[in-house]
Every structure is written in structure tokens, then in C-alpha cells.
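Take a look at the structure below.
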Amino acid sequence: MKKLYTFVFLICFSFISVYSQVQVGTGTVTNEELPIEPYYGYTYSQVIYTSAEINSSGDISGISYTATAETTLASCSDWTVYMAHTANSSFADGDSWEPFENLTQMFTGTVSIADGVVDIIFDTPFSYDGSNNLLIAVDQNQAGFDSPTHDFYCSTTSDVRALTYYSDSTNPDPTAPLTGQIRNSIANVILNGITQSCTNPTLSLDYLTNNSAT
């Protein structure tokens, strides 16, 4: 019987290891200017993801965003990404940015998109405590703009969970952001490197013996 328990444990462990990521948001809403607005020259945004949505803790090794099939990032691929723990669960108004001194820069450089997905790998993981909410800020600095059909997928929220500023002429400074626009939405994101608690995945065993399982 001990061998049987060990076998089932190994199956569960393998399942969790392969899927070491947490996805927050599965909506198909567009035109929210989150995490960036490809149709404008510059964007700076902040999005709050609640600890209840993430339901995990640990080292976040990178993030992924999903976009429409047309999106190329040809004119908007110069990104700087920041993260922060925050006690805030929403934004009060267009000036309630999380202070720059609370942010940790996780990535800066040129991003690319493949099959509608932007994958960003951090040089140093962000250690998420699982108790505070998580804030992700994205600063897009490349001049120029792409087509209006180029956009990222978002999910609608009941409260104001995002703040964004976008402009063709003014490149916002994250250390002193200009008044932005609030959004009742979040940019769909995948947090890589962490896994939700075992209560969320569903593991089904259809056939089980001492030596095998389906």
C-alpha cells in the first residue's frame, strides 16, 4: 500500500510541476489600454491583482500577456515592467498611482509576441508573499503606433482595478505620472513560477492499480 501512495503522490507532483503558473483573468475584452495601448505612442499602466485571485505565494519568474491575433508590437515593444506588494484593492481616481518608490523593476528591454502571447522572463524572480495584493506596472516607451485592431485581452471587474495613461506625444514618467484613466478591468496575465493550492486543480483517476493509474 505504501508503494501505491507514493505512486499517486508522484503523479500529483508531476502535474503541479508542469503547470507552475497562475492565470488571472480569462476575459476577451479589448480597448482597455492594458497593459499597453498599441494604437498610441506611449503607455504607462498599473493593474492590481488580488491575493484571492492569485491564491498562491512564492517566486514569480516571469509574466505572460495575451493579445489579438493581429497584434505585432512592431511600434510598441520597448517595455519596462515593475511589480509591488500593495495593500490597496482598487484605485480611487486618475491620480492614485502606486508611488514609484514602492515599485521594483523586474524587466526592461524589447519584448516580442508569438502566437498572440508576450512572454517576459525576469532576471531575478519577484518573491510574492501571497497575503498582499500584487501590482504590476508596465511602461511602454517606443515612439510610433500600430493598428487599432492590435490590442490585449482583459477581464471586467466590479471595482476600479487599473489605472492607465496613453499618449501619442507625451511619454509619461513613472516617477511622476500624469493623471490617468481608471478602468474596471484587469489585463489578463499569467504569473509563471508559482502554483495555486491543490484545492483548485482537478485530478481525476479513472483506473487505479498497485502499478498504474489513468
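The values are calculated or read from the model by the stated rules, or taken from the named source; none is laboratory data. Everything numeric here is computed off the predicted structure, so don't read it as measured data. Positions of Cβ are generated from backbone atoms using ideal geometry, with glycine treated the same way; all protein chains shown enter the neighbour counts. Side chains are part of the model used for accessible areas, which takes the heavy atoms of the whole protein and leaves out ligands, DNA and RNA. Shrake-Rupley method; radii C 1.70, N 1.55, O 1.52, S 1.80 Å.
How large is the charge dipole for the stretch 20-121, taken about the Cα centre, if only the Cβ atoms of Lys, Arg (+1) and Asp, Glu (-1) carry charge, to the nearest 20 debye?
So the dipole magnitude of the stretch 20-121 works out to roughly 200 debye.
Tell me, what is a quarter of the convex hull surface for the C-alpha atoms of the chain, in nm² with one decimal?
13.2 nm²
Starting from the amide H of Ser57, placed 1.01 Å from N in the peptide plane, find each other amide H under 5 Å away whose residue is 5 or more places distant or on another chain.
Placed amide hydrogens put Thr195 under 5 Å from Ser57.
Go ahead and collect, in residue order, the members of the stretch 144-184 whose backbone nitrogen is under 12 Å from a label point 7 Å along the Cα-Cβ direction of Phe100.
172-178
How far apart, in nm, are two points set 7 Å out from the Cα along the Cα-to-Cβ line at Asp93 and at Ala69?
Simple spin-label model gives 4.4 nm for this pair.
Which is farthest toward the positive dipole end of the chain among Gly58, Gln46, Ala213, measuring Cα position about the Cα centre, with Cβ charges +1 (Lys, Arg) and -1 (Asp, Glu)?
Ala213
Roughly speaking, to the nearest percent, how much of the chain's 1.4 Å accessible area is carbon and sulfur?
Summing carbon and sulfur atoms, their accessible area is 51 percent of the total for the chain.
About its Cα centre, how strong a charge dipole does the stretch 69-214 have in debye, to the nearest 20, once Lys and Arg get +1 and Asp and Glu get -1 at the Cβ?
340 debye
Can you list the residues, at least 5 places off or on another chain, whose amide H is less than 5 Å from the amide H of Gln181, using H built in the peptide plane?
Here Thr164, Tyr165 satisfy the definition.
With a 1.4 Å probe and all protein chains left in place, how much accessible area per residue does the stretch 124-213 have, in Å²?
Per residue, the stretch 124-213 has 48 Å² of solvent-accessible surface.
What net charge do the residues around Trp97 carry, taking every other residue with its C-beta under 14 Å from that of Trp97, with Lys and Arg at +1 and Asp and Glu at -1?
So the environment of Trp97 carries a net charge of -4.
Got a sec to turn the phi values of the stretch 145-162 into Karplus ³J(HN,Hα) couplings, 6.51 cos²θ - 1.76 cosθ + 1.60 with θ = phi - 60°, whole Hz, x for Gly and Pro?
8, 9, 6, x, 7, 8, 6, 10, 7, 10, 10, 6, 10, 6, 10, 7, 10, 9
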